[in-house]
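Everything on this sheet refers to the single structure shown next.
Please treat every number below as a calculation from the coordinates, not as lab data. All figures in this text were calculated on a predicted structure; none of them were measured in a lab. Using ideal geometry, Cβ is built from the backbone for each residue, glycine included, and neighbour counts are taken over all protein chains shown.
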Amino acid sequence: MDLEFDARSERFRQEVSSWLDENAPRGRVSPPATADGLRQHLAWERRLFEAGYSAPGWPRRFGGLGLDLWGETVFDEEYVRRRLPERLNKMALIHGARTVLVHGTEEQQQDWLPGVLDCSDIWCQGFSEPDAGSDLAGVRTTGRLDGNEIVLNGQKTWTSNGAIATHMYALVRTDPEAPKHRGISFLVFDLRRPGVEIRPMRQLHGHSGFAEVFFTDVRVPLTSVVGELNDGWRVAQTALRLERGSARGSHTRLVAALDALTKAVDAAGADRGLRERAGSLRAWVFAYVRATYALIDTVDRGGDDGVVASVNKLCLSEIQTAIHELWLEVLGEEAELAGEFGPYGELLGMRRDYWHSRAQEIFAGSSEIQRNIIAERGLGLPREVSR
Ligand SMILES: Cc1cc2nc3c(=O)[nH]c(=O)nc-3n(C[C@H](O)[C@H](O)[C@H](O)COP(=O)(O)OP(=O)(O)OC[C@H]3O[C@@H](n4cnc5c(N)ncnc54)[C@H](O)[C@@H]3O)c2cc1C
């Protein structure tokens with residue numbers, strides 16, 4: 001299913017491939033929420049950083065390689081193909097800190113970006129709250145201005161990597177009198193402050209990928225605000241667009257899952273109906289890979305990915321789930337044995353990927369929300385009316 005990239009990108013692919021083959025961690029790396037796992041992830045991140053591969057798409061002056069989107073895509077494809085550890089600072093690298101590159105001041109960029117790149121700081125995203133998920137503009141965490149400081153009170157939830165994060169980028173209501181989408185500010189701040197309480201959420205598989213984060217009179221400097229005060233909704237749109245639109249090698253992951261499904265279908269001597277479904281999924285994946293490259297091309301040429309990013313995210317979620325559901329069906333009872341457990345009780349392999357496919361339908365805006373965006377902004381259908 002591979003398409004050919006230009007000669008420069010292919011040369012970079014060779015370079016990255018050799019480096020990854022030589023330097024990638026041998027054996028499995030534990031989840032970052034465990035002490036061992038955090039140590040292993042940090043050691044791996046340090047190697048990437050020293051080789052200049054922390055953020056190939058970032059500007060050179062901040063330690064990146066200044067590559068275009070195609071160069072980044074090549075890196076991501078080779079990284080994902082080898083199933084290497086999930087990047088520890090992915091939320092900063094892909095959307096949080098990248099938003100600072102777009103909207104932040106020079107001083108903010110100088111202050112925050114180096115720590116992201118070498119992983120001396122780990123960022124998490126503080127958008128969701130108990131009553132603000134799909135309806136993100138409903139955030140209730142308040143930020144009261146007090147001289148040169150903002151005083152935070154409230155709660156964030158579903159904070160991925162919250163248990164190990166040092167910094168958060170968050171949406172906070174700084175003007176409670178303003179209409180819902182105004183009066184919100186986008187802040188980046190150090191979590192190691194009095195009044196911050198991080199409660200890791202222990203999940204079914206035993207470790208804590210999420211945390212709840214509570215703020216009680218937490219004082220952060222006014223310089224934490226990215227963009228203008230009370231204009232955080234606009235800034236957040238950049239972060240959300242980057243989160244939704246970035247392929248980050250997900251097309252490579254999908255192709256790998258499809259190949260594994262095809263093997264399972266063959267090995268099980270599956271009937272004609274199951275084979276036809278696998279064949280139809282192959283066509284979907286084929287189309288998805290090409291649509292992803294088209295999206296990358298649009299963004300690389302400075303175009304707006306807009307609604308197409310939502311189409312792409314929705315298709316990824318749907319195809320991924322369909323592949324894993326069919327896989328479970330093909331394996332039948334054996335599926336119960338197919339899920340391995342790692343030393344920390346975490347799920348590995350196909351079963352982990354299955355559950356991840358379900359989560360994919362929720363994070364970065366659920367599939368229903370993507371459908372609303374496509375219907376309203378893409379197709380111009382009437383907005384949903386609440387009864
Ligand atoms: C793996 C994972 C990681 C996450 N990491 C983070 C993180 O790091 N930081 C962070 O801030 N958040 C994170 N989240 C939270 C995520 O952003 C929210 O779960 C998501 O936005 C949905 O919000 P909710 O859970 O409050 O569900 P709700 O908004 O309550 O939605 C419940 C259901 O109703 C549907 N629904 C809601 N509104 C509409 C509508 N208008 N039209 C049609 N259907 C609708 C939804 O699609 C969903 O099926 C993560 C979630 C997951 C699963």
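When only the Cβ of Lys, Arg, Asp and Glu is charged (+1, +1, -1, -1), the dipole of the range 247-378 relative to its Cα centre reaches about 340 debye. Counting charges near Asn23 (Lys, Arg +1; Asp, Glu -1) among other residues having Cβ under 14 Å from its Cβ returns a value of -2.
Kirkwood hydrodynamic radius of the range 247-378, from the reciprocal of the average inverse Cα-Cα distance over all distinct pairs: 15.9 Å.
With the convex hull drawn over the C-alpha atoms of the chain, the volume per residue is 159 Å³.
Among Cys124, Cys315, Cys119, what is the fewest-to-most ranking by other Cβ atoms within 10 Å?
Values: Cys124 26, Cys315 19, Cys119 22.
Ranking Cys124, Cys315, Cys119 by Cβ neighbours within 10 Å, fewest first, gives Cys315, Cys119, Cys124.
The amide H of Arg248, built 1.01 Å from its N in the peptide plane, has no neighbour under 5 Å, considering only residues 5 or more places off or on other chains.
With neighbour counts taken as other beta-carbon atoms within 10 Å, the residues Tyr354, Tyr293 rank, fewest first, as Tyr293, Tyr354.
Normalising the average separation of contacting C-alpha pairs (under 8 angstrom, six or more residues apart) by the number of residues puts the relative contact order of the chain at 13 percent.
Based on DSSP, what percent of beta bridges with both residues in the chain are antiparallel, to the nearest 5? Spell out each step's value before the answer.
Values: 31 of 37 bridges.
Just about 85 percent of them are antiparallel.
With neighbour counts taken as other beta-carbon atoms within 10 Å, the residues Met350, Met201, Met91, Met168 rank, fewest first, as Met201, Met350, Met91, Met168. Of the DSSP H helices in the chain, not one has a Cα length along its own long axis of 30 Å or more together with a mean Kyte-Doolittle hydropathy reaching 1.0.
Here, the range 78-160 is characterised by an Rg to Rh ratio of 1.04, where Rg is the alpha-carbon radius of gyration and Rh the Kirkwood radius.
Helical runs assigned H by DSSP (4 residues or longer) give the chain a calculated mean residue ellipticity at 222 nm of -14500 deg cm²/dmol, each run adding -39500 (n - 2.57) before division by the residue total. Averaging the sequence gap over all C-alpha pairs within less than 8 Å and six or more residues apart, then dividing by the number of residues, gives the range 174-267 a relative contact order of 30 percent.
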